[in-house]
1. Can you tell me which of (1) within 16 Å of the ligand (Cβ to nearest atom); (2) in contact with a strand residue (DSSP E or B) (Cβ under 7 Å, 6 or more places away or on another chain); (3) without any contact (Cβ under 8 Å) to a residue 24 or more places away in the chain is the one Val466 doesn't meet?
2. Can you give me the ranges of the strands (runs of 3 or more DSSP E) entirely in region 1-92 with at least 1 residues that are within 13 Å of the chain's Cα centre (by Cα)?
3. With the checklist (1) under 24 Å from Arg461 (Cβ atoms); (2) buried (at least 20 other Cβ atoms within 10 Å of the Cβ) in hand, flag the one item Met27 doesn't pass.
4. Which members of region 450-463 meet the condition of being open to solvent by 40 Å² or more (accessible area, probe 1.4 Å) and either among the acidic types (Asp, Glu) or away from the ligand (no atom under 16 Å from the Cβ) (or both)?
5. Got a number for residues in region 379-424 being open to solvent by 20 Å² or more (accessible area, probe 1.4 Å), without any contact (Cβ under 8 Å) to a residue 24 or more places away in the chain, within 14 Å of the ligand (Cβ to nearest atom) and not charged (D, E, K, R)?
6. Of the residues that make up region 152-159, is at least one at pLDDT 95 or above and touching a Lys or Arg at 6+ places or on another chain (Cβ under 9 Å)?
Amino acid sequence: MVKFVFVTGGVLSSVGKGIITSSIGKMLQARGFRVTAIKIDPYVNVDAGTMNPYMHGEVYVTDDGGETDLDLGWYERFLNINLSKENNITTGQVYQAIIEKERRGSFLGRCVQIVPHVTNEIKSRIRKVAKQSNVDVVLTECGGTVGDIEGLPFLEAIRQMRLEEGYENTLYVHVALVPILDVTGEMKTKPLQHSVNELRRIGIQPDIIVARCEKMIDSEALRKISLFGTIPREAVFCSYTVQTIYQVPLILDEQRMGDYICERLKLSKTPPNMDEWKRFVDAVLNPRHEIKIALVGKYAGLADSYVSMSEALRHGGALCQTRIIIEYIEAERFEQNSKELSLLKNFDGVFVPYGFGKRGTEGKIMAIQFARQNNIPFLGICFGFQLAVVEFARNICNLKNANSTEIDPETPHPVIDLMPEQKHIEYKGATMRLGAHKVIIKPGTLAHKLYKAEEIYERHRHRFEVNVDYLQTMESQGLVFSGTSPDGRRMEILEFPNHYFFFASQFHGEFKSRPGKPDPEYYGFVKACLDRKLGKPAPEF
Ligand code: GLN
C-alpha cells in the first residue's frame, strides 16, 4: 500500500514548503523507504516554460523534457532521484485533459463539474505517479497558500483521498509562518492559527504542523499551535532559519519528525542513517577556502532565477572545501559603462548563465571577452555558451557584427542560428529542444577529463545552436568543440585550450548536479577558480 503525504502552506508563499517537502522525503529515505514527490501548481499555465523567471524563479527541466517548477529541482537534489514532467501538476494540465475528454464525448450526457470531474482528474494524476514510480511514499506539495481561489479544487481532491486511501495511509502536513515581532521579540502564532482554520473550512484537519520561524519556537508558541491546531505537541515541529538549507532534514529529524511520520503512517521504525548527508552538510559549513564568482545575467535581481546554477556551484564548492560567494551582476551595467568591467578583476571566476532575448547580451559578451583576455576562469551555460561563440567570432575570427539571429536577425555572420526543426514552430509552449539528449565527447579534451566518459546525457532547453558553416573558421583559431550530438552536427561543448579555464556547454549541467556528486562542468570551474586563486597551474583533473 502506497502512503500519501500532503504538504500545504499557510500565511504566505515562499515559506520553504519545497525544502520541507524534500526534507520529509530525506528523512524517509534515511529510514530505507522509497519516495517520490509531486508539485501541484494551481496556476492556469500548462507548465512553467512560458513564464518569466521573475514571476516564479527558474524553469526546471526534467530528463523527459518537462519545463517545471523549481521545487522539482529541490526534490531531485535532496532525494537524488530523477523525476518526470508528470510530477508537476497544474490547473492548465488538468483542464486541458478534461476539456479534451469532454470534446471527445467521454462524459456524454453529463454535466462536467469541478466535483467530481476535476477532482477525479487530479486524484488520478497523483495516483498515476504513485503507480509508475514504484515507491513506498508519495509526497504531494500543494503550491500557493490555503485560501487561494486557484488552490481549492486541489485541496478538495486531497481531502477526498483521506476517505479513499484510509487514515493510516494519508498524512496532512501544514507549513506556516510564525513571525517574530521586532519590538517585543514575541513569536506570533495568530496568522498560523487562521491558516489552520482556513484549511479546516475546506475539510482538512492537519496531522502535523511545521512552524517556519526565524528561531526555534518557544514553549508558549508551541502550546498555542498545539491547542488551536488541535494536534498533540509531538506533532508540532519548527523549521527555523539555518546557515544552509541542506541542514533542514537534520534539524527536523532531531525534533523526531521522521519517527513521528513513520509511527503515524504505520511504517516500520528503523533508525535513520543520514551519515552521508551529514558529511556533505559538514563540508558546506566548514570550508577551508573561499572564492568569489561573478554571475553576469539578466535576471540578477532575483536569486531564484538561477537557483540550480548556484546550487551546482555550491556542490562543487563542497567537494573542494570552498565557500562560494556569488555576486549577481546585471549585464546591462557593463553596456552603460565599460569601465565597470574592471570590477571583474576582483572575482575568481566569471559565470554567464542561460538567457533569452536581447536585453543585456552585449554586456554579457563584454564580460566574456574580459574573462578571456584576463585569463579569468569562465563557465558559460546555454545562452552563455552561445555568447562565448559570438565573442570568439567577433574578436578572434574578426567576423564583424557576428551575432545570434535571436538577437540580430540581420547579422552578416549568424554564428548562432535557429535550429532547422524550429523554423516552422508557431506555439511557444513546450516546443524548444528539451530534456536529456546524448552528447559525444572528444577523447583527450578537457571535457573528456572532466566527465571521464565518451558519452553523456544532459538536459537541454534551447531553440538556437552553433551554425556549422562557421565551424572551420573558429576551429582554425583554436576553439575546440569537445562535445557534439551523436551525428556531429550539433555543438554541445566548447573549450579554449589557450586559456586557464574557458569552458561552456549548450546543455545545462546544473540540473543533474547533486549534493556530494557535483556536476563535472561546475566542479571543474570551481576547482579552476580555486587553483588560480591559490596561484597553482591550471588543474589537470
Ligand atoms: N535563448 C537561447 C536559445 O533559445 C538560449 C536558451 C537558454 O539559455 N536556455 O537557444
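The values are calculated or read from the model by the stated rules, or taken from the named source; none is laboratory data. Here the structure is a predicted model, which means the values were calculated and not measured. Neighbour counts run over all protein chains shown; Cβ positions are idealised from the backbone, glycine included. These accessible areas exclude ligands, DNA and RNA; they are computed on the full protein's heavy atoms, side chains included. Shrake-Rupley method; radii C 1.70, N 1.55, O 1.52, S 1.80 Å.
1. (3)
2. Once the strands (runs of 3 or more DSSP E) in region 1-92 are filtered for at least 1 residues that are within 13 Å of the chain's Cα centre (by Cα), what remains is 35-41, 88-90.
3. Here Met27 meets the rest and fails (1).
4. Selection gives Lys452, Glu454, Glu455, Tyr457.
5. 2
6. Looking for residues that are at pLDDT 95 or above and touching a Lys or Arg at 6+ places or on another chain (Cβ under 9 Å), one finds at least one in region 152-159, hence yes.
Yes/no matrix, rows are residues, columns are (1) surrounded by fewer than 23 Cβ atoms within 10 Å (Cβ to Cβ); (2) at positive phi; (3) away from the ligand (no atom under 16 Å from the Cβ):
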site: Val307; (1), (2), (3): yes, no, no
site: Gly316; (1), (2), (3): no, no, yes
site: Cys320; (1), (2), (3): yes, no, yes
site: Glu330; (1), (2), (3): yes, no, yes
site: Arg333; (1), (2), (3): yes, no, yes
site: Asn337; (1), (2), (3): yes, no, yes
site: Leu343; (1), (2), (3): yes, no, yes
site: Arg359; (1), (2), (3): yes, no, no
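Per-residue answers, yes or no, for (1) on the phi < 0 side of the Ramachandran plot; (2) out of contact with any helix residue (DSSP H, G or I) (no Cβ under 7 Å at 6 or more places or on another chain); (3) part of a helix (DSSP H, G or I); (4) open to solvent by 10 Å² or more (accessible area, probe 1.4 Å):
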{"site": "Thr119", "(1), (2), (3), (4)": "yes, no, yes, no"}
{"site": "Ile122", "(1), (2), (3), (4)": "yes, no, yes, no"}
{"site": "Val129", "(1), (2), (3), (4)": "yes, no, yes, no"}
{"site": "Gln132", "(1), (2), (3), (4)": "yes, yes, yes, yes"}
{"site": "Gly144", "(1), (2), (3), (4)": "no, yes, no, yes"}
